[in-house]
1. Once you have the Cα-Cα distance between residue 180 and residue 138, take 0.36 nm times their residue separation minus that, and quote the gain in nm to one decimal.
2. Given H placed on each backbone N at 1.01 Å, which residues far from residue 111 in sequence or on other chains put an amide H within less than 5 Å of it?
3. Residue farthest toward the positive end of the dipole of the range 61-209, with Cβ of Lys/Arg at +1 and Asp/Glu at -1: which of 193, 79, 162?
4. Whenever you get a sec, line up 39, 164 from highest to lowest accessible area (probe 1.4 Å, protein heavy atoms).
5. Amide H of residue 105 versus every other amide H placed in the peptide plane: which residues, excluding those fewer than 5 positions away on the same chain, fall under 5 Å?
6. I want the local charge near residue 36. Using Cβ-Cβ distances under 12 Å, sum +1 for each Lys or Arg and -1 for each Asp or Glu among the other residues.
7. What number comes out for accessible area per residue over the chain if the probe is 1.4 Å? Units Å², please.
8. With a 1.4 Å probe and every protein chain left in place, tell me how much accessible area residue 176 has, in Å² to the nearest 10.
Amino acid sequence: MTDVGEPRTATDREATVAEAVLRLTSAARDRQPCAPVRDLLGATDIGLAYAVQQRIVADRIAAGARVVGRKIGLTSESVQRQVGVDRPDFGVLLADMDVTALPAVPSERLLQPRVEAEIAFVLAADLDDGELDVERVRSAVAYAVAALEIVDSRVADWDIAITDTVADNASSGLFVLGGERVELKAFEPRDVTMRLYADGKLASEGDGTACLGDPLAALLWLARTAREFGDPLRAGQVVLSGALGPLVPTPPGVTVRAEMSGLGTVTATFSANEPDSSDSSKEQG
């Protein structure tokens, strides 16, 4: 294998992407966290890491999955410190990641879950051309809701660098949306305060400024970055804009509730089913 510090040929890059994809998808399929993929990708080649993510998502789509939006990750300094990275990233949301309508979050679909409270934006307009600034992205938002993102990592012990989490679809897992739809004229995202409770005990708190200073700034970053990657944001998509406070572990059976000023509450109970890493016949939903 080509040393990660050396220039790669196109053939080398293709082989590296394929090897990283296999490692991450095998971990998801077998319910067994894997070693980091930065030994393959290097710790800084973000483009190569996104190529892995794109291949994984493309394979899911080919198998019948449907894209419903994006998530922005690592927008909070506290979360960056928790997982040891120093910049935001993004991942793709697929329809089967939305577990809002389920009676419980299916713990058996997760390996190492943690939850974070976020503002979710639902778009009313494409962000595919023209000038992109804060006012443009604000006008593209149909409404916002309180949300819980259940992040997960296929990498053992959350031992991740930026290339590990980007390749792993930005450590995406599942998500839950609150029921109160609020237009942006009714509140300012950066002014939102959040408290997250686990089994009734305060576990995390923060506010809109924790998300790149303003969740709309995070949305702008994503709109520009997604367009640069040739896959711009589209009307109807959900955007999870980033954590408003530190991550909280979510073992089977726990109930989490986030209270967000101006947006109401969002609650999720995790099923009591323990993940079964020995059953390799199951596939990730």
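The values are calculated or read from the model by the stated rules, or taken from the named source; none is laboratory data. What you see is a predicted model, and the numbers here were worked out from it, not measured in a lab. Neighbour counts run over all protein chains shown; Cβ positions are idealised from the backbone, glycine included. Surface areas here come from the heavy atoms of the whole protein model, side chains and all, with no ligands, DNA or RNA. Shrake-Rupley method; radii C 1.70, N 1.55, O 1.52, S 1.80 Å.
1. Working: separation 42, 0.36 × 42 = 15.12 nm, distance 1.85 nm.
Taking residue 180 through residue 138 to full extension adds about 13.3 nm, to one decimal.
2. 153
3. Towards the positive end, the residue furthest out is 193.
4. On the way: 39 80, 164 0 Å².
Result of the area sort, largest leading: 39, 164.
5. Counting only residues 5 or more places away or on other chains, the set is 269, 270, 271.
6. Working: positive: 23, 38, 154; negative: 39, 157, 159, 164, 168.
The answer is -2.
7. Working: 11880 Å² over 285 residues.
Ligands and nucleic acids excluded, the result is 42 Å² per residue.
8. Around 10 Å² of this residue is reachable by solvent.
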